[in-house]
Amino acid sequence: MDEPVYSIFDIKRYSINDGPGIRITFFFKGCPLSCVWCHNPEGMSRKQTRMYTVSKCIMCGACVQVCPAKALGFGRVHGAAGGGIQWDPDLCTMCGKCAEACPTRAVEMASKPYTPKEIYAEIQKEKPFFEASGGGVTFSGGEPLYQGEKILQLLDYIGSAAVRDGFTLHRTLDTTLYAPAGLVREAVPRCELFMVDIKHMDSRMHRHWCGVPNEPILDNLRMIASMGAEYIVRIPYIIGVNAAPANIASTGRYLSSLKHMPMYVELLPYHDIGKSKHSRMGTVYNPESEHMSSPSTADMEEAAEILKKYGVPSRF
Ligand code: SF4
Ligand code: SF4
């Protein structure tokens, strides 16, 4: 059988926000959701993504010369005063030759393939930090469960490899839980912590903002809680999307109905950091110009108070 290959668009070391201790976080390409505010839009598609930073481009033309699909040419580029390299996504085959030829890394391909062995080799380098801090590895994305059975194989592989090397690896899944129930059930004994996003309690609004309904997410969260999994809930807290007190109260009510509570709820204030990535990808952030804005500290405190009424601990 062929060795599985994982498409990874970023590896973050020394991470302190993706679970306990100091962690290494792998970002898997592909997500079934399409949240309007997504911070990592290059992780949405399973396919390769080309990114072009016009401010790094010296207009040397190397990319234009090597492109076998004739997808590149000199021209005007949105946001660039002095022109740039125009790209035709319909002609591009994502071969990556332009990124190889670019002397300034103005062009980069978002993801690289990794085998389980290569992923474990990266994890192993961080072992001293895990031992000193109680950290471990976090699989994020995109959506790690979008890898299907392959993510279970990988969790098994890295867990067994660590045991062979004389340590216990703390494994966290940073997930939307928008995945088949059977897959989520199988993931529970294979990781020590879930970090689960709840974006909206109203399924119609969830579909509007994220492209999919929320029932599978809420059902899966109920299931992992009933199985005794440790979990943290994260709410991207956005004025104009989900910050209404009624929605936060509904979240608190739902969480208090689960077999056991999350360790805590983390309220993450809105930032438009996905904007510059969209521009590098040649796509548009928030194409419908929907109103989204950052909450004030008072807004966050109000949300925390509402959750507290339902016995749900929170932080921001
Ligand atoms: S990825 Fe390949 S086809 Fe696409 S623009 Fe670059 S060189 Fe051309
Ligand atoms: S190879 Fe790089 S620096 Fe040269 S024109 Fe293309 S994008 Fe710009």
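The values are calculated or read from the model by the stated rules, or taken from the named source; none is laboratory data. These numbers were taken from a predicted model, which means no experiment stands behind them. FYI the Cβ positions are ideal-geometry reconstructions off the backbone, even for glycines, and counts take in every protein chain you see.
What to note about this one:
- For region 159-185, the set of residues classified as of a type in the set (Asp, Glu) and either within 10 Å of Leu145 (Cβ to Cβ) or touching a residue at least 60 places away in the same chain (Cβ under 8 Å) (or both) consists of Asp174 only.
- Filter pass, Gly228 being surrounded by fewer than 16 Cβ atoms within 10 Å (Cβ to Cβ) and not in a helix (DSSP H, G or I): yes
- Taking (1) farther than 11 Å from Thr138 by Cα; (2) assigned by TED's automatic domain parsing to the domain that holds Ser133; (3) away from ligand 1 (no atom under 16 Å from the Cβ) in turn, Glu42 satisfies each apart from (3).
- Test: residue in region 136-152 that is modelled with pLDDT of 95 or more and over 22 Å from Arg46 (Cα atoms): yes
- The sole residue among Leu307, Leu255 that is modelled with pLDDT of 95 or more, over 24 Å from the mean Cα position of the chain (by Cα) and aliphatic (A, V, I, L, M) is Leu307.
- Just one of the listed residues (Gly73, Gly142, Gly134) is on the phi > 0 side of the Ramachandran plot, out of contact with any Phe, Trp or Tyr (no Cβ under 7 Å at 6 or more places or on another chain) and not β-branched (Val, Ile, Thr), namely Gly134.
- For region 89-109, a tally of residues being near ligand 1 (Cβ under 8 Å from one of its atoms), part of a loop (DSSP other than H, G, I, E, B) and either of a type in the set (D, E, K, R) or on the phi > 0 side of the Ramachandran plot (or both) returns 2.
- Residue list for region 8-37, filter: aromatic (Phe, Trp, Tyr), in a strand (DSSP E or B) and surrounded by 21 or more Cβ atoms within 10 Å (Cβ to Cβ): Phe9, Phe26, Phe27, Phe28
- The condition (being away from ligand 1 (no atom under 16 Å from the Cβ), under 16 Å from Thr175 (Cβ atoms) and over 11 Å from the mean Cα position of the chain (by Cα)) is satisfied by just one residue among Gly19, Gly30: Gly19.
- Qualifying residue in region 261-272 (condition: more than 30 Å from Arg185 (Cα to Cα), surrounded by 16 or more Cβ atoms within 10 Å (Cβ to Cβ), charged (D, E, K, R) and outside the structural domain of Asp90 (by TED's automatic domain parsing)): no
- Residues that are surrounded by fewer than 18 Cβ atoms within 10 Å (Cβ to Cβ), outside any loop (DSSP other than H, G, I, E, B) and away from ligand 2 (no atom under 15 Å from the Cβ) are absent from region 38-61.
- Residue identified as touching a residue at least 60 places away in the same chain (Cβ under 8 Å), of a type in the set (Val, Ile, Thr) and either surrounded by fewer than 18 Cβ atoms within 10 Å (Cβ to Cβ) or over 28 Å from Gly136 (Cβ atoms) (or both) among Val107, Val66, Val5: Val5
- Answer residue from region 110-141, given it is aliphatic (A, V, I, L, M) and away from ligand 1 (no atom under 13 Å from the Cβ) and is surrounded by the most Cβ atoms within 10 Å (Cβ to Cβ) among those: Val137
- Candidate set: region 93-135, residues that are aromatic (Phe, Trp, Tyr) and at pLDDT 95 or above; chosen: the one farthest from ligand 2 (Cβ to nearest atom): Tyr120
- Per the listing Leu154, Leu173, Leu145, Leu169, the residue uniquely surrounded by 22 or more Cβ atoms within 10 Å (Cβ to Cβ) and over 19 Å from the mean Cα position of the chain (by Cα) is Leu169.
- So Phe74, is it away from ligand 1 (no atom under 13 Å from the Cβ), in a strand (DSSP E or B), of a type outside the set (A, V, I, L, M) and not assigned by TED's automatic domain parsing to the domain that holds Cys31: yes
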